[in-house]
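K.L.:
Dropping a structure here in structure tokens format, bear with me for questions.
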Amino acid sequence: MALKYQDLLTAVNVVVNGGNVPNIVGTAGIGKSALVADLARQNGAKLFTTVVSLAEKGDLAIPVPPLTSDSFIDTKHYGRIADVQFGYSHTLIEIIQFAEAHPDRPVYWFLDEFNRGSQAVQSELMNLVLQRQINSLRLPTQVHIIIAENPDATMTGFENSTYSVMSGDDAIKDRTVRLVMRADVSDWLTWAQRTHQIHPLIINYLKLHPEMLNQINGNDDIMPTPRAWQRLSDNYQQLLKLDSTTRAAIQLDIFAGDVGVAVATALNTYLQQQDQTQIAKRLFDPENANTVADFVKLDEVDKVEIIKAHLQQTDSWTPTLISRLNQFMPHINPDGQYACAHQMINNAARLDELYQLAMNGDANSQSLYQQLQQIGIDNL
């Protein structure tokens, strides 16, 4: 059993409001942290996050001799704690000070990657999670703990999991509510469009290929996840600020670093096609007075691909299309001219239509038809 993003958001809220500790289980990058952040925003809660896998034994409960009276923090209602500027202790101070300053505002303490922390670290957190107390310090009632774990092979439904985790204590299992998260494309796309954090072309690609959102198994050592797509979108928006030559040289490698080579290659091809479509719209726009200058700036491959793509999307010879082709063809190298001409004459009906326009006295049609004839002669 597993819940998609929106359903899980509701379920975690129910568990928190019930005074219990939700344990969100899901693969890396699926969106557990984003969900908790969304829940905090939804409920106006202050969010504190601790990555348990980065903690060391003693960060929470190790005795620290005070050097001065300032080394201890006295709270109004919840006890005394040494202000140690690392680990959990300082986070606890921040949590309690915030709770005292805002007694009516909920506080969420998110313990991420809980089962990737060492057994000793998990043990130190036990009293906080289970008893809401460590040494003489008690958590304010408005503080709610939420934990997240990666799949463990001992968990039902994850028997084949290969994550490097420390199996949770039975007490944690018994006193927390396990909620399994699954990736859902429609939910993720709704989130992406609502927050405007994902580039529209990335959203469109995942609409066309929803299976690419979250691939757990594959041949690449790097596989796409919802978090990886967000990183990729951020990187893509920076790539768009570069000149086309520089961007083309590094874009595929950057994409591969987020979603793996196979997915990155497919995405890069799609984006190149979209780039060409947008360029073609601009070049064949009858209102564009700089169209020839824009065309000349393109490299030879793009010139040919853009013309071929536009011809595939155009059903008939319009005056603008014929005029633009007349203007563009002289600025393409001979091999490119032949490729474009082949695209134009490959459709017999289309060639016959152009011939009829030329025979009816249309000067632009006559000029284009003559160019096609000459290209054919030159390539005999």
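The values are calculated or read from the model by the stated rules, or taken from the named source; none is laboratory data. The structure presented is a predicted model; accordingly, all values stated were derived computationally and were not measured. Cβ coordinates were reconstructed from backbone atoms using ideal geometry, including for glycine residues, and neighbour counts include every protein chain displayed.
K.L.:
Take the residues in the range 1-49 that are of a type in the set (Lys, Arg) and surrounded by 15 or more Cβ atoms within 10 Å (Cβ to Cβ), then tell me which one is nearest to residue 258 (Cα to Cα).
P.N.:
Once the filter is applied, the top-ranked residue is 32.
K.L.:
In the range 1-58, how many are of a type in the set (Gly, Ala, Ser), assigned to a helix (DSSP H, G or I) and under 20 Å from residue 105 (Cβ atoms)?
P.N.:
Within the range 1-58, residues that are of a type in the set (Gly, Ala, Ser), assigned to a helix (DSSP H, G or I) and under 20 Å from residue 105 (Cβ atoms) number 2.
K.L.:
Being in contact (Cβ under 8 Å) with a residue 40 or more places away in the chain, crowded, with 17+ Cβ neighbours inside 10 Å and either over 40 Å from the mean Cα position of the chain (by Cα) or outside any helix (DSSP H, G or I) (or both) is the filter here, so list the residues in the range 327-339 that pass it.
P.N.:
Matches in the range 327-339: 329 only.
K.L.:
Turning to a different aspect of this structure: Residues being assigned to a strand (DSSP E or B) and farther than 22 Å from residue 152 by Cα: count how many of those fall in the range 106-136.
P.N.:
Qualifying residue count, the range 106-136: 5.
K.L.:
Sort out which residues of the range 91-125 are closer than 27 Å to residue 72 by Cβ, of a type in the set (S, T, N, Q), surrounded by fewer than 16 Cβ atoms within 10 Å (Cβ to Cβ) and at pLDDT below 90, and write them in order of number.
P.N.:
Hit for the range 91-125 is 123, nothing else.
K.L.:
Which one of 279, 322 is within 37 Å of the chain's Cα centre (by Cα), in a helix (DSSP H, G or I) and among the aliphatic types (A, V, I, L, M)?
P.N.:
The conditions single out 279.
K.L.:
May I pose another question? From the set of residues in the range 133-152 that are aliphatic (A, V, I, L, M) and touching a strand residue (DSSP E or B) at 6+ places or on another chain (Cβ under 8 Å), which is farthest from residue 103 (Cα to Cα)?
P.N.:
For the range 133-152, the residue satisfying everything is 148.
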